[in-house]
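What follows is calculated from the coordinates using simple rules that are stated; it is not laboratory data. Keep in mind that this is a model prediction, so the values were computed, not measured. Cβ placement follows ideal geometry from the backbone for every residue including glycine, while neighbour counts extend to all protein chains displayed.
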């Protein structure tokens, strides 16, 4: 985790080439599904609309948070506020103690990764089960998720067969159905015996105090239905103003993430079990978590990233992400949105490396359902990194030097002649920049004559 | 943690100080209603992997059910399902039942989804491997927003949208169905779902309220009757010999004849009573519920205060 | 109509003949082409690397060099995008230079776009009869400027067969500074392009840098892939 992107990516491509194959296959599949699904509706108009709703929400976030708090409380939900991961962990520890919790089932939540909930619960002696199949796989493998929507997409069927054979005793050649059935057996038992279910929150509708969760497996519904206590971890930016906003947001999320019309299961939870109900949690808590979000909100160039609905479309569209998967980024959030959010949530210095884990192809901007200007924001992080001298003195010297040369045409033409005179040097591996290029391409091959020369000798006279 | 709350809100307010609020946009684009809602629902739900069916009467639905449900050996049935759409199967708790049966609040054509209320029980919607959901054809709407708005006033504690069978591609991107939730979702649209069929054996009649209330029959209370001697309205004594999961067996003292009363029938009567129907005696029971040992069934329910 | 030709630094050094073909092509369409000698680089390398002061310096130089021409035509999609879509943003809050940047942006065209949109040329000739071509859509020109059908249409009209390529609009992995900062990832991206490339006579693009990246890496891998700049193919369409 401590390793920077550059080294981690290099190592991953060298030592785990199969990850590239798995991730490429999965993301291209997601990407094609999204493209088809966008094509079935007026996606452009929905994206404009959804982007505006989120921008509105962010521009009045304090108002909507207070409204949501009031409505949630009115629904019988206990609301907590956590400024950072330590706060959230403290709140969770208290709840574990208060409700005498020995076993927890978890629905997929990226925020819980930010807050390192699993290691906290283990420290508290609580047994934790990730219940999303992908999350369960990586929990067994003791790895963090590598993708917002498909946490285990870096693993092939064979990887999972070997893992399950070792941990669950399934056959070495078990089918995906058999593997899923094995996980289901373990987790079904966990659902029915857990004391607490922990979920994230895709949306919270402020006007009604409704927590909205989207999934395909049914594990989140079970997590929020079976145990006697339900705790939802919700980023403060996850609000929507109105119930009616869900019509578009739920469909857009599903289409952007996996190309579905709607997630298979959507839960709209407006409080704990009522007296006349036969099942459901007796108590419900919502923890609103800041953990750097208010800093991002204060950053004019980055605040739009808080519109993110965690669909993963930008990861699927990103050709850089596709080569390594999410682990190379060394952060909870990877891909384009990870590059933009991570330095803002954690430490701007992280942009020095993360900011360059991007070829600026802008494919992410083309797909984002809430039109976050990701390439522009990545460039802004680069600008800040360069301004702070993060690239090192050599890089600055090179660009300043280049700028000086090209603003003086005579110098520029002279250096064109040098390029040809010293052509042999361009395959020298020890030269900065040029050596890096040569390693994958061989030496530079300038045209025999520059265009300037062709113009003067030939074209100017025609 | 109220300090944290204050600090977070202060930071947000500070961040927003210099910004103009962005206006909320007007109404979003909606899909074209190029066919009636039930038709579009069936198309879209089918695409999602739902086994979607339509029936033009409760009778037709009940006939289909009788045959279809034969492949299962047990069911967990929502109290919101009217008696004529309950499968004739032994009842089991959701964790053990092979089939869960729900009554949807509504369905959405755009997305092929059904809306389910927690008031019928969350587990029966999730734990059985197959989930049958009844929807009144009149309650299928075109757009999700319409359905949500209709429920806005008084939403259940957990409203769930189910749009297909539980699935996951987390194992090598190969689609597997039935990971945690039901691997089969069967949605049946029924025209006039709440109108009791006339011609079924039970001759059930009368109106139930639109949202059929739960039967309210506590089966454990029925179990406690085992071994007790009760009397019919006309004073004929009978003994409750045995109470199983799905039946009550009684023996009439004077004739040594025994009768088996079905749980389903008793629940149906209790449900009707909870819905406001008055069942004054055995003949009323025979008319309104079923011609199944009405004198004894009525006496049992009377004893339990269920009618 | 006087057209200033902006060869761009990369084409000047590495695709000089293709750039010359672009001039020949424009002249064959009776366009008066001038070549302001003071021109150098649009500033994109520095801009993308985050060194905006250096980028501004280069952009200002470019503004001065191309002042007053009706049209500025480039044989490079990504440099066109720099001038059109990115440079004005470098001068936010600096009104005179921002206005000048917008003015230049309005007069600037990528070669195939200029042919189709300004000159209304859709058919250059049939000099590419039977040539099987893979077309790489450069990221910036296709996504930021929406120039996709222009180059492909001109090639097809000249008799070339554009062979379907699933990755034709995917980034090749060049990305300027990216290709030297994250070499293995950049090359893996080129590998994906090359590994999905269909059987063709030639791989082309409006972007020389992408062609250098894919072509150079193909050569290093020992693959026999012929790479030609779009400008050369278009000239061949007319002249061949």
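The antiparallel fraction among DSSP beta bridges confined to the protein assembly as shown stands at about 35%. From the largest down, the stretch B:236-280 spans 35, 25, 10 angstrom on the principal axes of its Cα atoms. Site pair residue B:228 and residue B:259 shows an inter-label distance of 1.8 nm when each label is modelled 7 Å from Cα along Cα→Cβ.
Helix A:374-387 and the longest principal axis of the Cα set of chain A meet at an angle near 60°. If you take the square roots of the eigenvalues of the alpha-carbon gyration tensor of the stretch A:1-121 and sort them as a ≥ b ≥ c, do you get rounded (a/c under 1.5), prolate (a/b over b/c) or oblate? Judged from the Cα gyration tensor, the stretch A:1-121 comes out oblate (a/c at least 1.5, b/c at or above a/b).
Divided by 2.2 N^0.38 Å, where N counts the residues, the Cα radius of gyration of the stretch C:98-184 comes to 1.31. Where the alpha-carbon atoms of the stretch A:233-280 are placed on the principal axes, they occupy 38, 25, 22 Å, in descending order. Rounded to the nearest angstrom and listed largest first, the equivalent-ellipsoid semi-axes of the stretch A:392-461 from its Cα gyration tensor are 25, 18, 8. Between residue A:177 and residue A:279, the modelled labels are 2.5 nm apart [label points 7 Å from Cα along Cα→Cβ]. Rounded to two decimals, the Cα-based Rg/Rh of the stretch B:102-157, with Kirkwood Rh, is 0.96. In terms of Cα atoms, the Rg and Dmax of the stretch B:219-304 work out to 11.8, 35 Å.
Expressed to the nearest 5 percent, the antiparallel share of DSSP beta bridges inside the stretch C:2-118 is 0 percent. For chain C, the Kirkwood hydrodynamic radius comes to 18.0 Å, computed from all pairs of different C-alpha atoms.
For the protein assembly as shown, the orientation-averaged shadow of the C-alpha convex hull comes to 44.6 nm² (one quarter of the hull surface).
With contacts taken as Cα pairs under 8 Å at a separation of at least 6 residues, the stretch B:37-210 carries a relative contact order of 28 percent. Between the stretch C:215-239 and the stretch B:1-77, the alpha-carbon centres lie 52 Å apart.
Taking square-rooted eigenvalues a ≥ b ≥ c of the alpha carbon gyration tensor, is the stretch A:295-387 rounded, prolate or oblate, where a/c under 1.5 means rounded and, failing that, a/b exceeding b/c means prolate?
rounded
Can you put A:42, B:245 in order, fewest other beta carbons within 10 Å first?
Result, fewest neighbours first: B:245, A:42.
Can you give the Kirkwood hydrodynamic radius of the stretch A:151-234 from its Cα pairs, in Å with one decimal?
Kirkwood hydrodynamic radius for the stretch A:151-234: 14.8 Å.
When both bridge partners sit in chain A, DSSP labels roughly 25% of those beta bridges antiparallel. Using a cutoff of 8 angstrom between alpha carbon atoms and counting only pairs six or more residues apart, the relative contact order for chain A works out to 20 percent.
Could you order the peptides A:391-400, B:78-87 from most to least packed, using the average number of other C-beta atoms within 10 Å per residue? Walk me through the numbers on the way to the answer.
Numbers: A:391-400: 15.8, B:78-87: 22.7.
Top to bottom by mean Cβ count within 10 Å: B:78-87, A:391-400.
Relative to the longest principal axis of the Cα atoms of chain A, the long axis of helix A:43-59 makes an angle of roughly 70 degrees. Relative to its residue count, chain B spans a Cα convex hull of 200 Å³ per residue. Distances between every pair of Cα atoms in the stretch A:41-291, grouped in 5 Å steps from 0 to the bin holding the largest one, split as 1, 6, 13, 17, 19, 17, 12, 8, 4, 2, 0, 0 percent.
For the listed peptides C:191-197, C:2-8, C:85-91, A:231-237, a ranking on the average number of other beta carbons within 10 Å per residue, highest first, reads A:231-237, C:2-8, C:85-91, C:191-197.
Dividing the convex hull volume of the alpha-carbon atoms in the stretch B:124-182 by its residue count gives 128 Å³ per residue. Structural size metrics of the stretch C:132-239, computed from C-alpha coordinates, are Rg and Dmax of 13.3, 41 Å.
Averaging the sequence gap over all C-alpha pairs within less than 8 Å and six or more residues apart, then dividing by the number of residues, gives the stretch C:64-215 a relative contact order of 25 percent. So what is log10(I(q)/I(0)) for chain A at q = 0.05, 0.14 1/Å, when the Debye sum runs over its Cα atoms only? Reported log10 I(q)/I(0), two decimals: -0.23, -1.39.
Computed over the Cα atoms of the stretch C:2-118, the ratio of the radius of gyration to the Kirkwood radius (Rg/Rh) comes to 0.96. Between the C-alpha center of the stretch A:52-104 and that of the stretch A:316-333 there is a gap of 30 Å. Translational diffusion of the stretch B:1-112 was estimated from the Stokes-Einstein equation, with Rh taken as the Kirkwood radius over Cα pairs; at 37 °C and 0.692 mPa s the coefficient is 174 µm²/s.
Note on chain B: with a GNM built from Cα contacts shorter than 10 Å, the maximum mean-square fluctuation among B:237, B:76, B:97 falls on B:237. Treating r as the C-beta distance of residue C:37 and residue B:10 and R0 as 56 Å, the FRET efficiency rounds to 0.40. What the Cβ-Cβ distance of residue A:387 and residue C:123 gives, at R0 = 51 Å and to the nearest 0.05, is a FRET efficiency of 0.55. Shape analysis of the stretch A:1-46 based on the Cα gyration tensor places the equivalent ellipsoid semi-axes at 33, 14, 5 Å, largest first. Taking a ≥ b ≥ c as the square roots of the eigenvalues of the alpha-carbon gyration tensor, the stretch C:99-139 is classed oblate because a/c is 1.5 or more while a/b is no larger than b/c.
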